[in-house]
Amino acid sequence: MNLFQPGQRGAGAPTLTGRDDGPEGEVEKGAMEDLRYQRIVVKISGASLGSGQALEPARLRDVALSLAAVHTMGVSVTVVVGGGNIFRGDRGADWHLERGRADTVGMLATGINVLLLEGLLNSLDVPTQVFSRGPCTGIGRQYLRDDVVEALASGDTVLLAGGMGVSGFSTDVPAVHAAIDTAADAVVMVKFGVDGIYSADPAKDPDAVFLREITASAALERNLRVMDAAALDLARQSGKPVHVVPAGDMWSVKCVIEGKEIGSLLLPS
Ligand SMILES: Nc1ncnc2c1ncn2[C@@H]1O[C@H](COP(=O)(O)OP(=O)(O)O)[C@@H](O)[C@H]1O
Ligand SMILES: O=c1ccn([C@@H]2O[C@H](COP(=O)(O)OP(=O)(O)O)[C@@H](O)[C@H]2O)c(=O)[nH]1
């Protein structure tokens, strides 16, 4: 078992292109045909934005730098941001909230994260457009597929707030959904506290075994909880590959795009 800690490899003072991070930090623009993917959806788990705390500026900056590096490569990116660092619907009972209301709070939390991430990306000269659903409506523009596709075509990085905009989902679902909507090649899920998919939750089962690849059907059958079942099923149906990579390696998304072996691959079938 190999659980990464956030910031493990991002501790230096990375440049926009990540050139200070050794060979895997090098980013060259212009060789698009050499890249594994040219259009992706990145799901950022809220917990990645603050190790231990809800939000840490240094963690947000690492995430923004990693997305800036991907933008520099010329890759088209839609970013779906979670809210679990601030609030999750399944915590509602602690706050005497019924589930629907608690999910509304969770969706609003994704909006806070998106606004902060947008600010950091803009400070790095990454052009962004924010789209939103449900209770986050008013942050950026309403999510409309054609507008999102147009924003990506203009070269802007798209940020999505509010998940699907309705109760009962995690933000893993809108990540796969956005990949379908934007005809993305793949989804990259940046997960906190884990470096990929395991045979069981490695935080609970010391005998959990790392799985380099697994099909979505097998993950569903084995009830693996690295993402929610609805997202697994959507990945299976849509044929979109989903990479699960560690938040603790700030260049993990770039590594996936470059075709390097990192994390686990959920194969659609
Ligand atoms: N089969 C599994 N493989 C990997 N991680 C798993 C698995 N089942 C559950 N997990 C948990 O999923 C978490 C990552 O999901 P993430 O969305 O980042 O966190 P959260 O669900 O807390 O928001 C890890 O911290 C890990 O403990
Ligand atoms: O379409 C959605 C997406 C999210 N949520 C709520 O928002 C919370 C935060 O999202 P998520 O748990 O996916 O955040 P992450 O764990 O990825 O940070 C969830 O727990 C849900 O309560 C929701 O109700 N509908």
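As a length-normalised measure over Cα pairs under 8 Å and 6 or more apart, the relative contact order of segment 51-193 settles at 25 percent.
Calculated on the Cα set of segment 200-261, radius of gyration then Dmax: 12.7, 33 Å.
Mean residue ellipticity at 222 nm, helices only, the chain: -9500 deg cm²/dmol; runs of at least 4 DSSP H residues each add -39,500 (n - 2.57), and the sum is divided by the number of residues.
The Thr137 and Val209 beta-carbon pair, evaluated with R₀ = 45 Å, returns a calculated FRET efficiency of approximately 0.55. By the rule of a C-alpha distance below 16 Å, with chain neighbours fewer than 8 residues away ignored, the aspartates and glutamates paired with Lys254 are Asp20, Asp21, Glu24, Glu26, Glu28, Glu33, Asp34, Asp62, Asp185, Asp195. For the chain, the share of alpha carbon pairs falling in successive 10 Å distance bins from zero is 7, 32, 40, 19, 2, 0 percent. Quantify, in whole percent, the carbon and sulfur part of the accessible surface of the chain (1.4 Å probe; protein heavy atoms only). The C+S portion of the solvent-accessible surface of the chain is 51 percent. Packing around the peptides 154-164, 86-96, taken as the average count of other Cβ atoms within 10 Å per residue, puts them in this order, highest first: 154-164, 86-96. Kirkwood's formula applied to the C-alpha pairs of segment 73-115 gives a hydrodynamic radius of 11.2 angstrom. Dividing the mean sequence gap of close Cα pairs (under 8 Å, 6+ apart) by how many residues segment 178-269 holds gives a relative contact order of 38 percent. Legend: distances between Cα atoms for Lys204/Lys240; Lys240/Lys260; Lys43/Lys240; pairs beyond 22 Å are Lys204/Lys240.
For segment 139-188, the C-alpha radius of gyration sits at 1.12 times the compact-globule guess of 2.2 N^0.38 Å, with N the residue count. Can you tell which of Pro246, Pro127, Pro174 shows the greatest fluctuation in a Gaussian network model of the chain with Cα springs below 10 Å? Ranking Pro246, Pro127, Pro174 by mean-square fluctuation puts Pro127 first. If you count only protein heavy atoms and use a 1.4 Å probe, how large is the accessible surface of Ser238, to the nearest 10 Å²? Answer for Ser238: close to 40 Å² accessible.
Relative contact order of the chain, taken over Cα pairs closer than 8 Å and 6 or more residues apart, is 23 percent. Shape class of segment 125-269 from the Cα gyration tensor (axes a ≥ b ≥ c, square roots of the eigenvalues): prolate, since a/c reaches 1.5 or more and a/b is larger than b/c. On a per residue basis, the chain carries 42 Å² of accessible surface, using protein heavy atoms and a 1.4 Å probe.
The values are calculated or read from the model by the stated rules, or taken from the named source; none is laboratory data. Keep in mind that what you see is a predicted model, and the values were worked out from it rather than measured. With ideal geometry, Cβ positions are generated from the backbone for all residues, glycine too; neighbour counts draw on all protein chains shown. Note: accessible area is taken over every heavy atom of the protein model, side chains too, but ligands, DNA and RNA are not part of it. Shrake-Rupley method; radii C 1.70, N 1.55, O 1.52, S 1.80 Å.
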